[in-house]
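The values are calculated or read from the model by the stated rules, or taken from the named source; none is laboratory data. Please read all numbers here as calculations on a predicted model, not as lab measurements. No Cβ is skipped: glycine too gets one built from the backbone with ideal geometry, and neighbour counts run over all protein chains shown. To get the accessible areas, we keep the full protein, side chains included, count just its heavy atoms, and leave off ligands, DNA and RNA. Shrake-Rupley method; radii C 1.70, N 1.55, O 1.52, S 1.80 Å.
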Amino acid sequence: MLGTWSFSARALGAAWPGLAQGGKALDAAVVACTMAEEDPAVDSVGYGGLPDADGQVSLDGCVMLAPGRAGSVACLKRHRHPVRVARMVMERTRHLMLAGEAADRFADEAGELREEVLAPEAAAAWKRWMEQAVGDALAAGTAVEREGVIDASLAPGPRPVDPGAGGPLFLSQERRWWGHDTIGAIVRDRAGTIAGACSTSGTPFKLPGRVGDSPIIGHGLYVDPAAGAAVATGTGELISAVCGSFLVVEGMRAGKSAVESIRAALERIERSFSLEPQHQAAFVALRADGDHAGGALRNGFLYSRQDGQGCTVSPATVVLRGD
Ligand code: SD4
């Protein structure tokens, strides 16, 4: 099992016993993401995730087994577990993706519990953001107010740096509020089946309605049993622009190692953008033969690996830039 950031170690650990007893890769990937979604200490996923500029949490997620077996959901506002709902989209409908209010209704009908998605800590962080950071950004001209909604999407902010302790990336370092992160999990089971899942609350204090890479098949996650799997985290706008996870998997299909494929995708991002200091993009990839790696544009990304020997949290195998 592979997961993005150090906080995924706990989630992978929760899913491991089921997988070790012969469980299926998809079940394990979903359990891992569900665990992170439920954990209020993870401030970028599920309950505990930081809200949009309106103060509303909106959650995105997807699951994938193969190009013909995937499901996705965007902008869930009344359910904590986008990955479970995405799986139901895959298993119970003929569609790939549901979004917004209707996705919440679908989750209701599928029997998912309606729950509060805004945790008290996240609500308090939003209040502090409104009071402090927004004032600075409005004064600097990097945020504007339209009909009472703050658009700070142009404000530069520091990027996420994983302290390695598995805890929140944002609440302990409030100047990092405009960073990003996500849980992505890739699992290979005993039968050799590979599954992936990805879940996020997106960019903290994003413009309402903004959707990043995470729920989009090929952007935040891609799995093809013939080639391998990749999952992304970081600035969704960068990752989506190059169909990042698809690009990594296509590299592996063409015969590159996991680390070479990640490097090529990161180089494509670097060539395609004028990178700003807050930008980060990272991938974790697993080739069908088990070769795997984690890589990032910049320092500060860690990934977790759980197997029969236990769990390890490692720095990225490749970091494109030293800054
Ligand atoms: C996004 N990539 O919405 C997601 C979440 C994030 O690190 O910020 N991930 O852009």
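For the chain, relative contact order (Cα pairs under 8 Å, six or more residues apart, normalised by length) works out to 22 percent. Label segment 56-103 by shape, choosing from rounded, prolate and oblate, from the square roots a ≥ b ≥ c of the eigenvalues of the Cα gyration tensor; if a/c is under 1.5 it is rounded, and otherwise prolate applies when a/b is larger than b/c, oblate when it is not. Verdict is prolate for segment 56-103. Contact order, relative form, for segment 44-149: 28 percent (alpha carbon pairs under 8 Å, 6 or more residues apart, mean separation divided by residue count).
For K256, the aspartates and glutamates whose Cα falls under 14 Å of its own Cα, not counting residues fewer than eight places away in the same chain, are D289, D291.
For the chain, excluding the exposed loop sites themselves (GluC sites (Glu not before Pro), DSSP loop, at most 11 other Cβ atoms within 10 Å), the longest remaining stretch covers 148-323. In the distance distribution for the chain, Cα-Cα pairs more than 33 Å apart total 17 percent. Relative to the current alpha-carbon distance between V144 and L96, full extension at 0.36 nm per residue lengthens the span by 13.8 nm. For a straight C-alpha distance cut-off of 21 angstrom, the lysines reachable from K127 (same-chain residues fewer than eight places away being disregarded) are K77, K206. Taking every protein chain into account, the accessible area of segment 1-43 amounts to 31 square angstrom per residue (probe 1.4 Å). Quick check: Cα centre of segment 48-72 to Cα centre of segment 236-280, how many Å? The distance from the Cα centre of segment 48-72 to that of segment 236-280 comes to 21 Å. Rounded to the nearest 500, the 222 nm mean residue ellipticity of the chain from helices alone is -8500 deg cm²/dmol, with -39,500 (n - 2.57) taken per DSSP H run of at least 4 residues.
Of all DSSP beta bridges confined to the chain, the antiparallel ones make up roughly 90%. For the listed peptides 311-322, 43-54, a ranking on the average number of other beta carbons within 10 Å per residue, highest first, reads 43-54, 311-322. Carbon and sulfur: what percent of the chain's accessible surface (1.4 Å probe)? Ligands and nucleic acids excluded, carbon and sulfur give 52 percent.
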